[in-house]
Every structure is written in C-alpha cells, then in structure tokens.
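Laboratory data are not the source of any read-out in this text; all were calculated from the coordinates shown. Nothing here was measured: the structure is a model prediction, and the numbers come from that model. Note that each Cβ is placed from the backbone with ideal geometry, even for glycine, and that neighbours are counted across all protein chains shown.
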Amino acid sequence: MVDNKIKVIVVDDEQRALNRMKIVLGNFENVELLELIDSSEAAFDAILKHEPHLVFMDIEMPGKSGLELAEDINKNNLDTKIIYITAHNHYAIKAIKNYAFDYLLKPVNIDELKATLERFKTKQLSNLSKREFEIIRLIGKGLNSKAIGETLFISRHTVDTYRRHILEKTGCKNSAELISYATRNNLI
C-alpha cells in the first residue's frame, strides 16, 4: 500500500502548543507527524533530515524566529511548505511575504486546519500535468504502455517516461498502487 500521508513537523517553543498540535493532527488519518520540536535551532536539522511536506511553525521563538527559519528553508531550496501557527495576527503580511503556505492563529481551529490540509493535497495533485492525468486515466482502464502510446499518438518509451514521473510525483511504487491512489483522489 502506498504511503500518501502528508509528512509534518511541528516547531514551537511552548510544550503546551506542541501537545495540542499533536492531538489536533492526530485527527487526520492522512497526516504523519514526524517530530515535535521545541527550538528553531533543532528544527532546521530535522527539516533537512526528514524533508517533510509541511512544517507547522510558531513565529516568536527564542533564537531564530519562525520567519528566519523559513528563510533558511527557502535558501536551501527545500520543497517544504510552511504553515505559521501563532497567537499574533500582526505578523500575517510579513509571513505571507516570507514563504507562508498558510497562517493559523492559536489555538488552531480544527476546521481551518482541515481546509489547509485539503488545499495542500489539492496543490500536490495539481503538480501533475494534463498529459499525466490522461495517462493515469488510461492506466486505470487497464491499458499498457504500448496501447496508451497508440491512443495518445506517442511512443511507448515516452509513455514509460511519463509513468516514471507520475510514480515519483504520487509516491506510488507501481501501477497497482497508482490505480489505488487515483481512485482515492478521484482521478479516474
């Protein structure tokens, strides 16, 4: 079975906030909490190690702020998206300018969190090209690479290249997992 979970790290200097996020994120089957981290210094190493999809991060922390940590993430060209979680709404514009995927006020509202996670999943799926969606649909109909190539007037080699890219983007290991993934996400 393919692991389509959203991999997450939470960074906050307040233990109570970390515990709350652990509980709230536990309500989402599609989220895998990798680590809870209580300092920005330790966070960067963990982010490099795990390369999570999302980092939920406070802004005001001792040492580096969440905004400074976001700059470090961006400078290293990581594909990690940042969701700021803070008790202060006056950082919103700066956060948006500073690589924010979203900005949630503490205590995090579960409905707002759900909307954010759904928007992230939709954004992930939108990384597939129109041609890749076509190929997924044809795989779902049981066609092999040769038949897909004939249907789309492209070579089998080109279809195989698309298939590899699709598997990489979706995190699937084979066509069976891809069909399962496509069915769950209403792609076929």
*segment 130-184, Cα convex hull volume normalised per residue, Å³*: 68
*Kindly state, to the nearest 0.05, the FRET efficiency for Ser180 paired with Ile93, given R0 = 30 Å and r defined as their beta-carbon distance.*
0.15
*asked:* What FRET efficiency comes out for Thr161 versus Glu112 if R0 is 35 angstrom and r is the Cβ-Cβ distance? Round to the nearest 0.05.
replied: 0.30
_Karplus-derived 3J(HN,Hα), 6.51/-1.76/1.60, for each residue of segment 9-17, Hz, glycine and proline x_ = 10, 10, 10, 7, 7, 9, 4, 4, 5
*asked:* Give me, ordered by chain and number, the residues 5 or more places off His88 or on other chains with an amide H under 5 Å from its own placed amide H.
replied: Lys106
*asked:* Under the rule a/c < 1.5 gives rounded, and otherwise a/b versus b/c splits prolate from oblate, where does segment 66-163 land using the Cα gyration tensor?
replied: prolate
*Taking percent of Cα pairs over 26 Å apart as the quantity of interest, determine which of [x] 21; [y] 27; [z] 40 was computed from the displayed structure.*
[z]
_Quick check on the chain: helices-only [θ] at 222 nm, where DSSP H runs of length 4 and up contribute -39,500 (n - 2.57) each and the sum goes over total residues. Nearest 500, please._
-15500 deg cm²/dmol
*asked:* Please arrange Arg163, Arg119 by how many other C-beta atoms lie within 10 Å of their C-beta, fewest to most.
replied: Arg119, Arg163
*Find the relative contact order for segment 6-125 and round it to a whole percent, using C-alpha pairs within less than 8 Å whose residues are 6+ positions apart.*
22
*Would you grab the residues whose amide H sits under 5 Å from the one on Val31? Only those 5+ places off in sequence or on another chain, please, with H modelled 1.01 Å from N.*
Ile6
*HN-Hα J couplings of segment 49-55 from phi, Karplus 6.51/-1.76/1.60, θ = phi - 60°, integer Hz, Gly and Pro as x?*
5, 8, 6, x, 6, 10, 10
*When the convex hull of the C-alpha atoms of segment 1-80 is computed, what volume per residue in Å³ does it have?*
79
_Ordering of 137-144, 9-16 by burial proxy (mean other Cβ atoms within 10 Å per residue, highest first)_ = 9-16, 137-144
*Angle between the chain longest axis and helix 156-170 axis [Cα atoms, degrees, rounded to 10]*: 20
_Contour excess over end-to-end distance, with Cα ends at Ala147 and Asn19 and 0.36 nm allotted per residue_ = 40.9 nm
_Rg to Rh quotient for segment 35-109, alpha carbon positions, Kirkwood Rh_ = 0.92
*Distance check, please: which entries in Lys130/Lys173; Lys49/Lys173; Lys7/Lys146; Lys49/Lys106; Lys22/Lys169; Lys5/Lys97 exceed 24 angstrom between their Cα atoms?*
Lys7/Lys146; Lys49/Lys106; Lys22/Lys169; Lys5/Lys97
*Using label points projected 7 Å from each Cα along Cα→Cβ, tell me how many nm separate Arg119 and Ile154, to one decimal.*
3.1
